[in-house]
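The values are calculated or read from the model by the stated rules, or taken from the named source; none is laboratory data. Only a predicted model underlies this, so the values are computations on that prediction, with no experimental measurement involved. Heads up, the Cβs are rebuilt from the backbone with ideal geometry, glycines too, and the neighbour counts pull from every protein chain shown. What goes into the accessible areas is simple: the full protein's heavy atoms, side chains included, and nothing from ligands, DNA or RNA. Shrake-Rupley method; radii C 1.70, N 1.55, O 1.52, S 1.80 Å.
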Amino acid sequence: MIELKDIGITFHEGTPDENTALKNINLKINQGDFITVIGSNGAGKSTLYNLIAGTLTPTTGHIYLDEKKEDGSSLQREITNDAEYKRAAYIGRIFQNPLLGTAGKMSLEDNMIICSKKGWHGLKISLNKKKREEFRNQLKVLEMGLEDRLNDNVELLSGGQRQALTLLMAVLSKPALLLLDEHTAALDPANAALIMELTKRFAKDYNLTVMMITHNMQQALDYGNRILMMDGGEIIMDISGEEKKHLTLDDLAQQFRKIKKQSLTNDNIVLQ
């Protein structure tokens, strides 16, 4: 569905501050994939997301999107240089901070009407009885009582409620790909568990294609059909299918220890 070929990103190229953030990235994201992305800080996870979302443009390589034609066939289109606002039409993203996904000074129903892509023109006209009932039914699945708070400003909601609302709005916009950037990390354990359960349910019910960054190795094992491990700006492990099903927490921990040991060895070589 989305394919990255020979991707590299170098910041401040040709200067003393030159830094290669991504290198040798070849990745195919298939329709219906739920990919968990793990790696230590600085491994390149967020840079990869920024690249896919269009926040960053690669120094080398190409990005392609498979689009469905009217006759049912697919057409591969290059999107390497497409701006972020263009990709937002088919790529959704949820951040760690629950405040980033919604407009706090606006009511819950106004947030949802914008999410439904009707925009500002005729906003109040669109908020009729039928539309409000539709919103209530959609909000009921969160089981947070938000269906009775359509007129409340979103800033009055708790962090967990706002992140649940952000997730629901992202799903209802029907993205081709949903990027989850540690979307439970800022929540307390109870709300984090709730958001993860909603994520799992929505991914299945709406046949979503999802990539989820997490520092929680148990989450990486429990959710999705693929695990990517990154280090030093590269994808060093891509596990799916039966291999992922039999992967254990010890396996992942050992791989991390191996990476850290290798990194320290390489640093020592450079220092010498």
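For the range 12-102, trypsin sites (Lys or Arg not before Pro) meeting the loop criterion (DSSP other than H, G, I, E, B) and having at most 10 other Cβ atoms within 10 Å: LYS69. The angle between the Cα long axis of helix 249-271 and the longest principal axis of the Cα atoms of the chain comes to about 50 degrees, rounded to the nearest 10.
Over the range 155-264, what portion of Cα pair distances is larger than 24 Å, expressed as a whole percent? So the pairs more than 24 Å apart make up 32 percent of the total in the range 155-264. Backbone geometry of the range 237-247 corresponds, through the Karplus equation with coefficients 6.51, -1.76 and 1.60 at θ = phi - 60°, to 3J(HN,Hα) couplings of 8, 9, 10, 8, x, 4, 4, 5, 4, 9, 6 Hz, x marking Gly and Pro. For the range 129-272, relative contact order (Cα pairs under 8 Å, six or more residues apart, normalised by length) works out to 14 percent.
For the chain, give the share of DSSP beta bridges that are antiparallel, in percent and rounded to the nearest 5; count only bridges with both residues there. Once the DSSP bridges in the chain are tallied, antiparallel ones form about 60 percent. Averaging the sequence gap over all C-alpha pairs within less than 8 Å and six or more residues apart, then dividing by the number of residues, gives the chain a relative contact order of 25 percent. Positive end of the dipole of the chain (Cβ unit charges, origin at the Cα centre): among ILE25, LEU247, ASN137, the Cα lying farthest that way belongs to ASN137. On the protein heavy atoms, probe 1.4 angstrom, tell me the percent of accessible surface of the chain carried by carbon and sulfur. Carbon and sulfur atoms account for 48 percent of the accessible area of the chain.
Axis angle, to the nearest 10 degrees, between helix 189-205 and the longest C-alpha principal axis of the chain: 80 degrees. Were the residues from GLN76 through LYS131 laid out at 0.36 nm apart, the gain over their Cα-Cα distance would be 16.2 nm. Relative intensity of the range 1-113 on a log10 scale, I(q)/I(0) at q = 0.18 Å⁻¹, equals -1.05, per a Debye sum over C-alpha point scatterers of equal strength in the absence of solvent.
A Förster radius of 22 Å, combined with the Cβ-Cβ distance separating ALA89 from ALA185, puts the computed FRET efficiency at roughly 0.25.
According to the Cα-based calculation, Rg over Rh for the chain is 1.00, with Rh computed by the Kirkwood formula.
Beta-bridge orientation, the range 164-249: approximately 60 percent antiparallel, per DSSP, counting only bridges with both partners inside.
Here the range 168-205 and the range 43-109 have alpha carbon centers that stand 16 Å from each other.
Solvent exposure of the chain, expressed per residue, is 53 Å² of accessible area, with all protein chains present and a 1.4 angstrom probe.
When the Gaussian network model of the chain links Cα atoms closer than 10 Å, the mean-square fluctuations of THR166, THR15, THR59 top out at THR15.
Relative to the longest principal axis of the Cα atoms of the chain, the long axis of helix 159-172 lies at roughly 90 degrees. Pairwise Cα distances in the range 103-224 exceed 26 Å in 21 percent of cases.
Using a 10 Å Cβ count of at most 12 others and DSSP loop calls, identify the longest part of the chain lacking such GluC sites (Glu not before Pro). Answer - 144-272.
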